[in-house]
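Everything below concerns the one structure shown next.
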Amino acid sequence: MGLLAEGINEVIATTDNNAAPMGIINRGGSLHMVLFRGSHTARNVARDRWVVANFVFDPVLYVWTAFDDLPQEAFVREEIDGLIVSRLRDVEAWAAFAADVERSSDEAIIIRLTPLKEEVLDLRLHPVNRGFYSVVDATVHATRYVRSRDPWLGRLIEHHTGLARKCGGPREWEALKLLERYISARIEE
């Protein structure tokens with residue numbers, strides 16, 4: 001199994017009909033995720049003991065899944081040795097993992113991942129695009145900002161949205177508009 005690089009790999013993780021951007025940590029072949037308590041993903045992974053990493057390069061999807069649910073038709077069921085998992089329909093590749101709680105605290109749970117299956121469906125070349133990665137970074141900061149209103153996170157969001165506007169293309173700009181709507185809506189709540 002070789003889809004994950006050393007370091008933190010940003011993917012769209014799926015659990016039972018749920019999708020959210022997540023980082024999978026690969027350190028020396030040891031795979032982990034840190035999930036914050038209270039999220040659908042943490043609840044589902046702790047209960048079902050599996051997660052799927054979806055490899056997709058759509059900045060709009062990263063923003064959408066960080067703040068909202070996808071429609072049911074966005075998911076596909078896969079069977080792996082009798083285990084039914086859920087992945088995204090439109091992905092280039094996916095990898096399913098057994099997921100076991102290794103440690104937990106009041107704020108987060110550390111999940112150890114064991115590879116079950118991976119499949120490449122539609123491999124495409126993705127040149128490095130700072131705009132795309134800046135949308136991902138802005139989205140990560142925004143998920144924390146809407147909870148804390150930390151001005152430092154607000155400045156990081158501004159920095160990364162500026163880079164995405166400069167270095168991205170139409171899909172990154174669409175993702176930024178969506179991100180701004182989600183941030184505004186959550187701040188007004």
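The values are calculated or read from the model by the stated rules, or taken from the named source; none is laboratory data. Because the structure is a prediction, the values reported are computed rather than measured. In this analysis, Cβ positions are derived from the backbone assuming ideal geometry, glycine residues included, and neighbour counts consider all displayed protein chains.
In table form, for the structure just shown:
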{"item": "Test for Thr143: is it assigned by TED's automatic domain parsing to the domain that holds Leu179 and touching a residue at least 60 places away in the same chain (Cβ under 8 Å)", "result": "yes"}
{"item": "Flag if Ala108 is outside the structural domain of Glu172 (by TED's automatic domain parsing), at pLDDT 95 or above, touching a strand residue (DSSP E or B) at 6+ places or on another chain (Cβ under 6 Å) and not hydroxyl-bearing (Ser, Thr, Tyr)", "result": "no"}
{"item": "Residue that is nearest to Phe132 (Cα to Cα), among those in the range 51-88 that are among the aliphatic types (A, V, I, L, M) and in contact with an Asp or Glu (Cβ under 7 Å, 6 or more places away or on another chain)", "result": "Val60"}
{"item": "When residues of the range 6-22 are limited to those that are assigned to a strand (DSSP E or B) and free of Cβ contacts under 8 Å to residues at least 40 places away in the same chain, the one surrounded by the fewest Cβ atoms within 10 Å (Cβ to Cβ)", "result": "Gly7"}
{"item": "Any pair with Cβ under 9 angstrom, 6 or more apart, that starts in the range 99-121 at a residue that is small (Gly, Ala, Ser) and ends at one that is at pLDDT 95 or above and in a loop (DSSP other than H, G, I, E, B)", "result": "Ala99/Arg49"}
{"item": "So Arg37, is it touching a residue at least 60 places away in the same chain (Cβ under 8 Å), surrounded by fewer than 17 Cβ atoms within 10 Å (Cβ to Cβ) and in contact with a Lys or Arg (Cβ under 9 Å, 6 or more places away or on another chain)", "result": "yes"}
{"item": "Checking Leu3 against (1) part of a loop (DSSP other than H, G, I, E, B); (2) of a type outside the set (Ser, Thr, Tyr); (3) touching a Ser or Thr at 6+ places or on another chain (Cβ under 9 Å), the condition it does not meet", "result": "(3)"}
{"item": "Extreme residue, surrounded by the fewest Cβ atoms within 10 Å (Cβ to Cβ), among residues of the range 72-81 that are modelled with pLDDT of 95 or more, farther than 15 Å from Asp58 by Cβ and not polar (S, T, N, Q)", "result": "Glu73"}
{"item": "Helices (runs of 4 or more DSSP H) contained in the range 118-189 and holding at least 2 residues closer than 17 Å to Val56 by Cβ and within 18 Å of the chain's Cα centre (by Cα)", "result": "130-148, 170-188"}
{"item": "Within the range 144-171, considering residues that are β-branched (Val, Ile, Thr) and crowded, with 19+ Cβ neighbours inside 10 Å, the one farthest from Met22 (Cα to Cα)", "result": "Thr161"}
{"item": "Where a residue in the range 61-82 is under 22 Å from Leu176 (Cβ atoms) and its partner, wherever it lies, is basic (Lys, Arg), with Cβ under 8 Å and at least six apart", "result": "Phe67/Arg186; Ala74/Arg89"}
